[in-house]
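Peer 1: Pasting in a structure now, in structure tokens, and then I'll have a few things to ask.
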Amino acid sequence: MKNQYVLITGASGAIGRATALKLAEQGYSLYLHYNSNGEAISELLQELKHYNIEAIPVQADLSQPDGADLLSEQILSLHHLVLNSGASLYGLMTDVNREELHSMTQLHVISPFILVQKLLPKIMRGHAGSIVAVTSIWGDTGASCEVLYSMLKGAQNAFVKSLSKEVAPMGIRVNAVSPGAVETPMLASFSKGEKQALEEEIPLGRLADPREIANSISFLLSEEASYLTGHILRVNGGWYI
């Protein structure tokens, strides 16, 4: 995919890193977005030197009102977009404060909307392109003690479905990957027993590897998915069908 640029938001995380390595292997050039974990991006850039691609780090805090504007200003040529930034918030709905409400909504809904709004004209120049959002199983079915997160991930799914209809005449496809439980730092607070109990709930009997999510993202970006748009691809080991 020479001369095709992909922006991956949240590239410093486990799924973002796996996606970057997968796409680099296929020859895409990459914009690697991060907020505060510059060390992880530096390590990723070292790994990407094995591939003959251009990899450009871009920094912005998408939980802040000006984050999407600052990020979009750093992007020149663009063909594809992976919306992968996110953060979880566990606790009772009644304990969520206003600051958490606004910052989580900004990160998961407002910033992705503004980012697509700003970058869509660049993607449209090629009369083809693909946008993939990384949502969540909780956006499909909802989770107790993750009401805000579930609500926002459900909003992302609705965004994907509606945007796909709007931009399809321009040759742009919009889809989502909806992971279940993935072996990422988001589960770092889980004890060994809690992880085991979680795995027992999943029909395939294990957590997903970030590379399995990256493979699904890569597929949706590719021409192999040329007739797929508005689709929420559930990659959850059969946990929710």
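No value in this document is a laboratory result; all are computed from the given coordinates. Being a predicted model, the structure only gives us computed values, none of them experimental. For neighbour counting, all protein chains shown are included, and Cβ atoms are generated from backbone atoms with ideal geometry for every residue, glycine included.
Peer 1: Let me know the whole percent of all Cα-Cα pairs from region 1-143 that are separated by more than 27 Å.
Peer 2: Within region 1-143, distances greater than 27 Å cover 22 percent of Cα pairs.
Peer 1: Say the dipole of the chain comes from +1 at the beta carbon of Lys and Arg and -1 at that of Asp and Glu; which of 232, 105, 41 then lies farthest toward its positive end?
Peer 2: The Cα lying farthest towards the positive end belongs to 232.
Peer 1: Now for a different question. State to the nearest 20 debye the size of the charge dipole of region 75-177 about its Cα centre, where the only charges are +1 on K and R beta carbons and -1 on D and E beta carbons.
Peer 2: It works out to roughly 560 debye.
Peer 1: Okay, moving on. Filter 118/161; 122/165; 49/153; 49/118; 153/195; 118/165 down to the pairs with a C-alpha to C-alpha distance above 28 Å, please.
Peer 2: 49/153; 49/118
Peer 1: What ranking do 162-171, 22-31 get when scored by the average of other Cβ atoms within 10 Å per residue, highest first?
Peer 2: 22-31, 162-171
Peer 1: I would also like to ask the following. Please provide three numbers in whole Å: the alpha-carbon extents of the chain along the principal axes, with the largest listed first.
Peer 2: So the three principal-axis extents are 47, 37, 37 Å.
Peer 1: If you look at just the Cα atoms of region 135-217, how large are its Rg and its Dmax in Å?
Peer 2: 15.1, 50
Peer 1: Please give the charge dipole size of the chain, origin at the Cα centre, charges +1 on K and R Cβ atoms and -1 on D and E Cβ atoms. Round to the nearest 20 debye.
Peer 2: 680 debye
Peer 1: Quick one: grab the alpha carbon gyration tensor of region 16-64, order the square roots of its eigenvalues as a ≥ b ≥ c, and give me rounded if a/c is under 1.5, else prolate or oblate depending on whether a/b is larger than b/c.
Peer 2: Cα axes put region 16-64 in the prolate bin.
Peer 1: Net charge within 13 Å of residue 195 by Cβ-Cβ distance, Lys/Arg positive one each and Asp/Glu negative one each, not counting residue 195 itself?
Peer 2: -3
Peer 1: How would you order 188-196, 54-62 from highest to lowest mean count of nearby Cβ atoms within 10 Å?
Peer 2: Ranking the peptides 188-196, 54-62 by packing returns 54-62, 188-196.
Peer 1: Give me P(r) over region 111-151, computed from all C-alpha to C-alpha distances, binned every 10 Å, as integer percentages.
Peer 2: For region 111-151, the pair-distance distribution reads 24, 34, 25, 15, 1.
Peer 1: Where both partners of a DSSP beta bridge lie in the chain, what percent of those bridges are antiparallel, to the nearest 5?
Peer 2: Counting DSSP beta bridges with both partners in the chain, the antiparallel share is about 0 percent.
Peer 1: In addition: Along the charge dipole of the chain, which of 218, 79, 29 sits closest to the positive end, that is, farthest toward it, with unit charges on the beta carbon of Lys, Arg, Asp and Glu (+1, +1, -1, -1)?
Peer 2: Comparing the listed Cα positions along the dipole, 79 ranks first.
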